[in-house]
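Chemist: Just passing along the structure, written as structure tokens.
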Amino acid sequence: MGKKLKEYDYLYISARIHTMENKLLTRERMERMLSARSVEEAAKVLAECGYGEFPSLTPTAIEHVLDQTRCALFSELYRDVPNPAILDVFCIKYDYHNAKVLLKAEATGQSPDKLLLDAGRYPAQRLKEDYLQMDLDRYSSIFSQAVEQAKDLLASSGDPQAADFLLDQAHFEELLETAKAARSSFLQGYVRLLIDATNLRSAVRAARMGKGSDFLRRVLLPNGDIQIDGLLAAGSGGADLAGIFAHTYLTAAAQEGAAVMRGGSLTGFERLCDDAVMHYLAQARRIPFGEQAVIGYLYARESEFTAIRTILSGRMAGLDADTIRERLRECYA
């Protein structure tokens, strides 16, 4: 596992990251994008954040720019971050995204190429070739076993949702294992909070759809800080959801979730779940140097990509500023 790194090992990268934070998409820049006369003018604000010109303003073109920017960011940080396992935690989800794309493409006879993303640990095209040959020896054991099992499950059951559940379980298992390998309690806290937020979303959605405890038991993830038994009881109306999450980062989200279980919009609830994670990671801005600066910045950039997608796609769809604003999460900057 190697020696545990000290905060001083992060002096150089922390200083660089605090400089890079000045280019993050702030709330003030978001407001300027929302009030711009056109979507083209809105996109020009992003030059201040280090983005080049968008070749065209279509969903595909925007996604391509964001994926390229994400890949460049990961490549740059892999060169300078003392512990690459920290970066892996933020790349893993793209490997599992690509696995889902490949499974569904094979099942439907369509090409996966337009939906594959290159920001994972494994090059997307290489993964595609190895998947088609079912030669996954070069990949992590959790990932390769999950892909093989999901492929078999989809072939035998024809149920893409069941295959997705299986991959989601493996995804979060590997996230936590990688966070532990990084030997960062802050990173492990982030992953456990992600698990709790995902489980909270599942409990609320299951209740709204009238799904029973058997369904919820299939989708809930282990290893969070909130016990699964309490979530099962809350999902079936047998326990107080807000009480289960009292005095945690997800308190406000759980209170809203308890209300939307009975109907109403999920938009505010989803935003509060994401804001809870941002509140946790915002602690990193108060720590002058250490792995926390890297972790907080990586999440901030992921949130920035989501905000850019939300604003530009909303403007292209002709949505008014208030409607788009309701969908935006809190900023790290």
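The values are calculated or read from the model by the stated rules, or taken from the named source; none is laboratory data. Keep in mind that this is a model prediction, so the values were computed, not measured. When we count neighbours, we look across all protein chains shown, and the Cβ atoms used for this are built from the backbone with ideal geometry, even at glycine.
Chemist: Note down all Cβ pairs under 6 Å where the first residue falls in segment 162-189 and is touching a residue at least 12 places away in the same chain (Cβ under 8 Å) and in a helix (DSSP H, G or I), the second is hydroxyl-bearing (Ser, Thr, Tyr) and crowded, with 22+ Cβ neighbours inside 10 Å, and they're at least six residues apart or on different chains.
Modeler: Listed by first residue and then by second, the contacts come to Leu167/Tyr96; His171/Tyr96.
Chemist: Also, I was wondering about something else. So which helices (runs of 4 or more DSSP H) stay within segment 1-91 end to end and still have 1 or more residues that are free of Cβ contacts under 8 Å to residues at least 60 places away in the same chain and either small (Gly, Ala, Ser) or in contact with a His (Cβ under 6 Å, 6 or more places away or on another chain) (or both)? Let's see the steps before the verdict.
Modeler: Working: elements: 11-20, 27-35, 39-44, 59-80.
Here the list reads 59-80.
Chemist: So Asp135 clears everything in (1) touching a residue at least 40 places away in the same chain (Cβ under 8 Å); (2) outside any helix (DSSP H, G or I) except one condition, right? Which one?
Modeler: It fails just one condition, (1).
Chemist: Let me ask something else. Of the conditions (1) touching a helix residue (DSSP H, G or I) at 6+ places or on another chain (Cβ under 8 Å); (2) under 30 Å from Gln149 (Cα atoms), Glu48 clears all except one; give me its number.
Modeler: All conditions are met except number (2).
Listed here are the residues, each with its yes/no results for (1) in contact with a helix residue (DSSP H, G or I) (Cβ under 7 Å, 6 or more places away or on another chain); (2) under 16 Å from Ala162 (Cβ atoms); (3) part of a helix (DSSP H, G or I).
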residue	(1), (2), (3)
Leu193	yes, no, yes
Asn199	yes, no, yes
Lys211	no, yes, no
Asp214	no, yes, yes
Arg218	yes, yes, yes
Gly224	yes, no, no
Leu232	yes, no, yes
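Chemist: I'd like the residue in segment 242-294 that is of a type in the set (Val, Ile, Thr) and part of a helix (DSSP H, G or I) and, out of all such residues, is nearest to Tyr190 (Cα to Cα).
Modeler: Taking segment 242-294 first, the residues of a type in the set (Val, Ile, Thr) are 244, 248, 251, 260, 267, 277, 287, 294.
Next, only the ones that are part of a helix (DSSP H, G or I) stay: 244, 251, 260, 267, 277, 294.
Values: Ile244: 19, Thr251: 16, Val260: 25, Thr267: 23, Val277: 7, Val294: 13 Å.
The extreme case among them is Val277.
Chemist: Right, next: Can we say Tyr297 is under 20 Å from Met30 (Cβ atoms), of a type outside the set (Gly, Ala, Ser) and part of a helix (DSSP H, G or I)? Give the steps one after another, and end with the answer.
Modeler: Details: under 20 Å from Met30 (Cβ atoms): yes; of a type outside the set (Gly, Ala, Ser): yes; part of a helix (DSSP H, G or I): yes.
So Tyr297 passes the test.
Chemist: Please work out if Ala233 is free of Cβ contacts under 8 Å to residues at least 40 places away in the same chain and in contact with a Gly (Cβ under 6 Å, 6 or more places away or on another chain). If you could, list the steps in order and put the result at the bottom.
Modeler: Details: free of Cβ contacts under 8 Å to residues at least 40 places away in the same chain: yes; in contact with a Gly (Cβ under 6 Å, 6 or more places away or on another chain): no.
Considered against the rule, which asks whether it is free of Cβ contacts under 8 Å to residues at least 40 places away in the same chain and in contact with a Gly (Cβ under 6 Å, 6 or more places away or on another chain), Ala233 comes out as no.
Chemist: Moving on to the next point. Determine whether segment 139-149 contains at least one residue that is over 17 Å from Leu102 (Cα atoms) and either buried (at least 18 other Cβ atoms within 10 Å of the Cβ) or among the acidic types (Asp, Glu) (or both).
Modeler: yes
Chemist: Another question, if that's okay. For segment 78-121: of the residues being at pLDDT 95 or above and of a type in the set (Ser, Thr, Tyr), which is nearest to Phe143 (Cα to Cα)?
Modeler: For segment 78-121, the residue satisfying everything is Tyr96.
Chemist: Quick one: which of Ala300, Ala282, Ala206, Ala253 is at pLDDT 85 or above and in contact with a Cys (Cβ under 6 Å, 6 or more places away or on another chain)?
Modeler: Working: Ala300 fails: in contact with a Cys (Cβ under 6 Å, 6 or more places away or on another chain); Ala282 fails: in contact with a Cys (Cβ under 6 Å, 6 or more places away or on another chain); Ala206 fails: in contact with a Cys (Cβ under 6 Å, 6 or more places away or on another chain).
The match here is Ala253.
Chemist: Shifting gears a bit: Just give me the residues in segment 127-183 being touching a Gly at 6+ places or on another chain (Cβ under 9 Å) and not hydrophobic (A, V, I, L, M, F, W, C), in sequence order.
Modeler: Arg183 - this is the single residue of segment 127-183 that is touching a Gly at 6+ places or on another chain (Cβ under 9 Å) and not hydrophobic (A, V, I, L, M, F, W, C).
Chemist: Could you check segment 247-257 and list, in sequence order, the residues that are touching a residue at least 40 places away in the same chain (Cβ under 8 Å) and surrounded by 19 or more Cβ atoms within 10 Å (Cβ to Cβ)?
Modeler: Residues of segment 247-257 touching a residue at least 40 places away in the same chain (Cβ under 8 Å): 248-250, 253-254, 257.
Of everything in segment 247-257, those that are touching a residue at least 40 places away in the same chain (Cβ under 8 Å) and surrounded by 19 or more Cβ atoms within 10 Å (Cβ to Cβ) turn out to be Tyr249, Leu250, Ala253, Ala254, Gly257.
Chemist: Please go through segment 95-124 and pick out each residue that is part of a helix (DSSP H, G or I) and surrounded by fewer than 15 Cβ atoms within 10 Å (Cβ to Cβ).
Modeler: Looking only at segment 95-124, we keep the residues that are part of a helix (DSSP H, G or I), and these are 95-108, 113-115, 124.
Passing the criteria: Ala107, Thr108, Asp113, Lys114.
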